[in-house]
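To keep things clear, I will list the structure first and then write my remarks on it.
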Amino acid sequence: MSQTITIDPVTRLEGHGKITLKTNDQGEVSEAYFTVTQVRGFEKFSQGRPFYEMPGLMARICGICPVSHLLASAKACEAIMSVTIPPTAAKLRSALNMAQTIQSHALSFFYLSSPDLLLGMDADPADRNIFGVVKVDPELGRAGVALRRFGQHIIELLGKKRIHPGWVVPGGVTEPLDSAKRDEILAMIPEAYANIRLALNWYKRIADRFRDEADHFANFPGAFLGMVGEDNGLEFTDGKLRLIDATGKILVDKLEAAQFDDHFGEAVEPYSYMKFPYYKPLGYPDGSYRVGPLARLNIATHAGTPLADIEVKEFKQLANGPVLGSFYFHHARLIDILYGIEFIERIFSDPTILDTHVRATAGVNRLEGSGVAEAPRGTLMHHYKVDENGQMLWANLVIATGQNNNAMNRGVLQTAQRYVKGDKLADGMLNRVEAVIRTFDPCLSCSTHAFGQMPLEIKLVAPDGSTLDTIRRG
Amino acid sequence: MSLSPANPSPQASLAQPLLLACGNPLRGDDGVGWRIADTLAITPSTPPLHVILSQQLLPEHAEPISAADLVIFVDCSALTPHGVVSVIQIEPASSLPRIFTHHLDPASLLRLTVDLYGRIPSRSILVTVGGQEFELSEELSPPVAAAIPAAIALILREFQLQQAKNPAQQMKAAGPVEAP
């Protein structure tokens with residue numbers, strides 16, 4: 001008899017969602033839905049506000065990656081102002097973005113995903129958390145805590161607050177860097193290198209244990225979108241967008257933020273508040289694509305820093321072309337961290353970083369503007385329209401997690417078909433269904449604009465619609 | 001560049017007391033912990049101490065806790081009567097929450113500190129003020145605002161007791177105030 005499985009809430013994610021699995025008469029999983037159940041509506045309530053308030057307002061969407069929203073929003077505002085920000089301000093903002101990427105990735109990898117990797121997908125759920133990690137491998141736990149602190153402390157030094165710093169504004173940043181802060185940041189670099197090296201070495205030692213998961217965690221051909229620099233290397237803040245297909249062929253290149261809507265649309269589904277962006281020429285859902293650490297490494301030819309270049313070269317050996325398995329988001333996340341540390345060291349070793357010209361000023365010179373930045377989870381787009389007085393008329397945000405929405409749904413189906421058998425829900429099989437979503441590190445607060453923590457439910461539903469089994473957490 | 005694993009440095013800031021104020025200052029009474037920390041900062045008899053202001057307790061707080069000899073958690077309580085100051089001693093939790101995203105309670109944080117760094121302060125206490133108004137506001141309700149002097153007095157007494165226990169220890173320069 002066919003049935004439906006619901007996982008509600010999904011655990012160890014940022015936000016709140018549920019998974020529904022439907023089985024057919026043969027007891028095989030035939031459909032899967034990752035549902036985001038809440039709505040927040042930032043685009044709506046920003047209407048009528050002065051555009052220059054937008055970075056501060058939009059940063060409140062999320063406590064994990066407020067810097068990404070600050071940057072994308074400030075860049076959209078700068079398009080409205082028609083200004084180019086001072087070079088030192090651009091460098092400082094790039095460094096802030098990497099600090100946020102490091103702290104967010106540390107949270108994702110060490111706190112949320114390493115329990116699965118260290119203890120195993122079938123381990124006792126009571127141990128499968130950061131406390132379990134610390135018990136078994138305190139050195140790894142300390143490295144994770146220290147890397148998160150490293151990123152957060154840089155954000156705090158630059159932006160005065162770890163969460164929701166207000167330092168990034170339309171036109172640049174509010175104040176320049178002083179030498180004491182620069183020296184403090186540079187002094188933290190050696191320990192950060194040691195910690196990421198420890199984590200990378202550890203990951204490479206254990207990755208082979210997860211060959212089956214790597215083969216079945218959202219492992220399918222599809223496109224990848226992200227930002228690259230002028231030299232085709234990694235870029236998180238001031239590059240242009242590139243979309244490639246599953247073979248590595250470039251579909252769109254050197255795309256400016258303002259051109260995004262020409263190439264990408266957003267579909268909706270009745271079961272989720274999260275939208276489903278897609279590449280227009282291929283339509284929906286065929287034009288769905290992935291963003292984030294895996295996409296960034298697939299679209300870039302190299303990193304652009306010495307140690308990360310070595311890691312990227314090794315990463316690219318995993319496949320003949322783009323790496324398609326979403327399990328490798330974990331690996332890519334660690335390479336992002338290494339790149340971020342090198343990038344920060346480079347930025348703060350540059351003597352021009354203390355330059356005091358860090359803000360351009362202007363009024364409304366255009367009635368529409370778009371800004372893009374690479375958030376930890378992938379490409380983040382802000383698009384605004386204003387009136388002659390600079391009052392917000394309309395806003396649209398295309399969030400990284402939303403851009404992975406279709407891939408997450410496909411991944412849940414693929415993983416469930418592999419691991420969910422019969423009419424009873426064993427914890428290990430359900431944890432794998434959750435774990436495939438964790439590889440994407442979705443931030444549901446941003447993507448749905450939902451509020452709250454992430455509990456998750458898995459529900460098993462029969463073809464007649466009756467619920468056969470439910471597991472609920474949180 | 002060093003490529004050896006990082007070592008914790010539990011003796012890094014010898015025995016400096018740590019005040020960890022928790023809460024959301026935009027949620028009315030929930031901001032009382034921050035207000036107490038701010039008031040302590042301008043109270044002349046406050047000894048030098050390391051202050052962390054945070055919306056919630058996080059695993060990253062384990063490291064500064066491991067370096068302190070006294071930690072005082074300050075928070076609002078939705079369970080105790082409105083405006084009542086309470087103090088309890090905190091011991092590391094024996095069992096830990098099954099679900100963790102990124103915030104903790106004081107006892108779990110102490111347990112994590114032990115497991116990560118092998119050291120916790122000799123004394124850990126939680127000072128709370130019973131709150132009632134948690135709507136969007138930067139103002140404290142009158143009973144909670146009126147309770148701040150009592151909470152300050154209690155915290156200062158803890159500092160004195162700690163100094164009396166370690167008479168040879170001279171408190172050094174104040175640590176930074178960390179905002180979230």
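Legend: distances between Cα atoms for A:181/A:316; A:75/A:181; A:254/A:316; A:161/A:313; pairs beyond 27 Å are A:181/A:316; A:161/A:313. Each residue of segment B:118-166 gets 110 Å³ once the volume of the Cα convex hull is shared out per residue. Estimated at the nearest 10 Å², the accessible area of residue A:342 is 10 Å² with a 1.4 Å probe.
Globularity index of segment B:27-152 is 1.07 (Cα radius of gyration / 2.2 N^0.38 Å, N = number of residues).
With the gyration tensor restricted to C-alpha atoms of segment A:50-132, the semi-axes of the equivalent ellipsoid amount to 38, 14, 7 Å, longest first.
For segment A:343-405, state which trypsin sites (Lys or Arg not before Pro) are in a DSSP loop and have at most 16 other beta carbons lying within 10 Å of their beta carbon. Answer in residue order: A:366.
Compute the signed sum of charges (Lys and Arg +1, Asp and Glu -1) over the other residues within less than 11 Å, Cβ to Cβ, of residue B:63. Before the final figure, lay out each step's value.
Values: positive: A:142, A:148, A:149, B:119; negative: B:60.
That sum, taken over residues with Cβ under 11 Å, equals +3.
At R0 = 25 Å, how high is the FRET efficiency between residue A:319 and residue A:280 if r is their beta carbon distance? Nearest 0.05 is fine. Step by step, r from the Cβ atoms, then E = 0.40. Average accessible surface for segment A:80-141: 23 Å² per residue, computed with a 1.4 Å probe over protein heavy atoms with every protein chain in place.
Label sites at residue A:385 and residue A:44, each approximated as a point 7 angstrom past Cα along Cα to Cβ, lie 1.8 nm apart.
Adding -39500 (n - 2.57) for every DSSP H run of four residues or longer, then dividing by how many residues chain A holds, sets the calculated 222 nm ellipticity at -12500 deg cm²/dmol. Once R0 is set to 60 Å, what does the formula 1/(1 + (r/R0)^6) return for the Cβ-Cβ distance between residue A:82 and residue A:211, expressed as a FRET efficiency to the nearest 0.05? The formula returns an efficiency of 0.70 here.
Mean projected area of the convex hull spanned by the Cα atoms of segment A:122-281, taken over all viewing directions: 14.6 nm².
Computed over all pairs of different Cα atoms, the Kirkwood value for the hydrodynamic radius of segment B:19-65 is 11.3 Å.
Rg and Dmax over the alpha-carbon atoms of segment A:125-216 stand at 17.9, 50 Å.
Using a Förster distance of 45 Å, how high is the FRET efficiency between residue A:25 and residue B:26, based on the Cβ-Cβ distance and rounded to 0.05?
0.25
Kirkwood hydrodynamic radius of segment A:211-261, from the reciprocal of the average inverse Cα-Cα distance over all distinct pairs: 12.3 Å. Entry for segment A:13-167 at q = 0.10, 0.16, 0.20 Å⁻¹: log10 I(q)/I(0) = -0.54, -1.01, -1.20, Debye formula applied to identical alpha-carbon scatterers, no solvent contribution.
At a probe radius of 1.4 Å, figure out the A/B buried accessible area, summed over both chains, and give it in Å² to the nearest 100.
Between A and B, the summed buried area is about 3100 Å².
In plain terms, the chain from residue A:356 to residue A:394 could stretch by 10.3 nm, reckoned as 0.36 nm per residue minus the Cα-Cα distance.
Let me have the relative contact order for segment A:114-161, percent, based on Cα pairs under 8 Å that are six or more residues apart.
Values: 23 pairs, mean separation 11.3, N = 48.
Dividing the mean separation by the residue count of segment A:114-161 yields 24 percent.
Helix A:427-440 axis versus longest C-alpha principal axis of chain A: approximately 20°, rounded to the nearest ten.
Helix A:405-419 and the long axis of chain A differ in direction by around 30°, with both axes built from C-alpha atoms.
Given +1 at the Cβ of Lys and Arg, -1 at the Cβ of Asp and Glu and no other charges, the dipole of the protein assembly as shown around its Cα centre is 520 debye to the nearest 20.
Taking every C-alpha pair closer than 8 Å and separated by at least 6 residues, the mean separation divided by the residue count of chain A gives a relative contact order of 33 percent. Atom-type composition of the exposed protein surface of segment A:203-268 places 46 percent of the accessible area on carbon and sulfur (1.4 angstrom probe). Taking all protein chains together and a 1.4 Å probe, the residues B:126, A:460 rank B:126, A:460 from largest to smallest accessible area.
The label point for residue A:467 and the one for residue A:417, both projected 7 Å from the Cα toward the Cβ, are 2.7 nm apart.
Just to be sure I follow: if Rg is taken over the C-alpha atoms of the protein assembly as shown and Rh is the Kirkwood radius over the same atoms, what is Rg/Rh?
0.97
Relative to the longest principal axis of the Cα atoms of chain A, the long axis of helix A:138-159 makes an angle of roughly 30 degrees.
The values are calculated or read from the model by the stated rules, or taken from the named source; none is laboratory data. These numbers were taken from a predicted model, which means no experiment stands behind them. Glycine also receives a Cβ, built like all others from the backbone with ideal geometry; neighbour counts cover every protein chain displayed. Heads up: the accessible areas ignore ligands, DNA and RNA and are worked out on the full protein's heavy atoms, side chains in. Shrake-Rupley method; radii C 1.70, N 1.55, O 1.52, S 1.80 Å.
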